[in-house]
1. Would you be able to tell me the number of residues in the range 114-133 that are farther than 12 Å from Arg35 by Cα and touching a helix residue (DSSP H, G or I) at 6+ places or on another chain (Cβ under 7 Å)?
2. Taking the condition of being among the hydrophobic types (A, V, I, L, M, F, W, C), over 12 Å from the mean Cα position of the chain (by Cα) and under 26 Å from Arg84 (Cβ atoms), how many residues in the range 1-58 meet it?
3. Report, by residue number, each residue of the range 57-68 that is surrounded by 15 or more Cβ atoms within 10 Å (Cβ to Cβ) and either touching a strand residue (DSSP E or B) at 6+ places or on another chain (Cβ under 8 Å) or under 19 Å from Leu123 (Cα atoms) (or both).
4. Can you name the condition, by its number, that Ala113 falls short on among (1) more than 21 Å from His8 (Cβ to Cβ); (2) in contact with an Asp or Glu (Cβ under 7 Å, 6 or more places away or on another chain); (3) free of Cβ contacts under 8 Å to residues at least 40 places away in the same chain?
5. Being more than 21 Å from Ala90 (Cβ to Cβ) and either in contact with a helix residue (DSSP H, G or I) (Cβ under 8 Å, 6 or more places away or on another chain) or in contact (Cβ under 8 Å) with a residue 60 or more places away in the chain (or both) is the filter here, so list the residues in the range 134-146 that pass it.
6. Of the residues that sit in the range 1-28 and are surrounded by fewer than 13 Cβ atoms within 10 Å (Cβ to Cβ) and small (Gly, Ala, Ser), which one is nearest to Pro145 (Cα to Cα)?
7. Test Ile30 against the stated conditions and say whether it is in a loop (DSSP other than H, G, I, E, B) and in contact (Cβ under 8 Å) with a residue 24 or more places away in the chain.
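The values are calculated or read from the model by the stated rules, or taken from the named source; none is laboratory data. These numbers come from a predicted model, not from an experiment. Cβ placement follows ideal geometry from the backbone for every residue including glycine, while neighbour counts extend to all protein chains displayed.
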Amino acid sequence: MTPRLNFHTASPEAAKAMLALEEASRSLSIPLALRELVKMRVSQINGCAYCLDMHAPDARKAGITQQQLDVLAAWRESPAFSRRERAALAWAEALTRLEATAAPERDYAALAAEFSETEQADLTLVINVINAWNRFAVGFRSVHPAREDRDAA
């Protein structure tokens, strides 16, 4: 895949705005592990290899288990996730696929049962920020670096 554009150099102001939004989202009420889990799921949905490559090590460092990462695409069928994680993942999917879901009541009800109003707003920002990053990376065909361990296993 050939990159289309390095948006960081094309528009330093746009990149600066995205980085400021990312930094702001890190100081909100959503714990790091849950933020990383949501970032991974949203990036899977959006097909963003760049963000998946970036966030998988971060997710493991934050305490997301390898099993959770392995079954994340099928989280609804796995017992590896708590009710709170399930509510966050359902909300992330609903907002990422907004044209298809219209953010259904069942997903909002699950969210409201597990998260305070502040946490709901904070989680929604986290979801929106990773969706924005995915759109930059996929749209401009950002390529993640190859790793030395790519042939391992």
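1. Number satisfying all stated conditions: 6.
2. Of the residues in the range 1-58, 4 are among the hydrophobic types (A, V, I, L, M, F, W, C), over 12 Å from the mean Cα position of the chain (by Cα) and under 26 Å from Arg84 (Cβ atoms).
3. Asp58, Ala59, Ala62, Ile64, listed by residue number.
4. (2)
5. Arg135, Phe136, Ala137, Val138, Gly139, Phe140, Arg141, Ser142, Val143, His144, Pro145
6. Across the range 1-28, the extreme among qualifying residues is Ala10.
7. Yes; evaluated as a whole, the condition is true for this residue.
For (1) surrounded by 18 or more Cβ atoms within 10 Å (Cβ to Cβ); (2) within 23 Å of Ala137 (Cα to Cα); (3) out of contact with any Lys or Arg (no Cβ under 8 Å at 6 or more places or on another chain); (4) among the aromatic types (Phe, Trp, Tyr), each residue gets a yes or a no:
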site: Pro31; (1), (2), (3), (4): no, no, yes, no
site: Ile45; (1), (2), (3), (4): no, yes, no, no
site: Pro79; (1), (2), (3), (4): no, no, yes, no
site: Ala92; (1), (2), (3), (4): yes, yes, no, no
